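Readers should treat all values here as calculations from the given coordinates under stated rules, not as data from a laboratory. Remember, it's a predicted structure, so these values are computed and weren't measured experimentally. FYI the Cβ positions are ideal-geometry reconstructions off the backbone, even for glycines, and counts take in every protein chain you see.
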């Protein structure tokens, strides 16, 4: 099962300094607890601010999980390359994963020569055609919202049936959208390869969340 913690420091209380401190603490906690991917999704920051935060986040990840957890930068392939992140997470209307592969091929990883194949690309998808476009070059897709009735962007929930359809494609699909410990099992039974979330990780003890999710039964396969 793949687990992805998506960050949002605006949900923490306090001033900007306090929010950043809490965010880095949560990133370190998630890394220690074996979360597979941490998506640094702080869209309001300037490029320079994002680079500085990303460097701190990478340090927090590698000091707590040097070989297990990958730090992905949301949308900004240039920043991911500049700071030596483990990958990038693309929006559905971003540049294509194949373009990112080509770009990365021209900029070998600064931290580990020969690590080109380890650059991870995730893609946010909201429709089945978007999932199908991501299949050939993405390492995984985040699909949703699964349970939310309607988001501020006007997207309706894809539901468990929509998640099931997306999970038939040849790419790991992580469920997103009001996922809780109570409904995560239904997502796995629908075929999801894992769970992605913000509040699920930020508002709870990460170790308890990870242990609970990894103890859920896998998809029942019927011959």
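Here r is the Cβ-Cβ distance between residue 148 and residue 47 and R0 is 30 Å; the resulting FRET efficiency, rounded to 0.05, is 0.50.
By its C-alpha gyration tensor, with a ≥ b ≥ c as the square roots of the eigenvalues, how is the range 167-223 shaped: rounded for a/c under 1.5, else prolate for a/b larger than b/c, else oblate? Taking the square roots of the gyration eigenvalues as a ≥ b ≥ c, the range 167-223 is prolate. If you take the Cα centroid of the range 1-34 and the Cα centroid of the range 57-102, the two points sit 16 Å apart.
Relative contact order, whole percent, for the chain stands at 18, derived from Cα pairs under 8 Å and 6 or more residues apart.
Using just its DSSP H runs of length 4 or more, each adding -39500 (n - 2.57), the chain gives a mean residue ellipticity at 222 nm of -11000 deg cm²/dmol after division by all residues.
Using per-residue counts of other Cβ atoms within 10 Å, averaged over each peptide, order 32-41, 19-28 from highest down.
32-41, 19-28
Counting every other Cβ atom within 10 Å of each residue's Cβ, 51, 182 order from fewest to most as 182, 51. Return, ordered by residue number, the residues of the range 55-81 whose backbone nitrogen is under 20 Å from a label point located 7 Å along Cα→Cβ of residue 95. What the label zone holds, given the 20 Å backbone N cut-off, is 55, 71-81.
The fewest-to-most ranking of 187, 4, 55 by surrounding Cβ atoms within 10 Å reads 55, 4, 187.
I need the shape label for the range 1-62. Rule: rounded when a/c is under 1.5, else prolate if a/b > b/c, else oblate, with a, b, c from the alpha carbon gyration tensor. Prolate.
Which order results if 15, 94 are arranged by neighbouring Cβ count within 10 Å, fewest first?
15, 94
For the range 2-214, DSSP calls about 5 percent of its internal beta bridges antiparallel.
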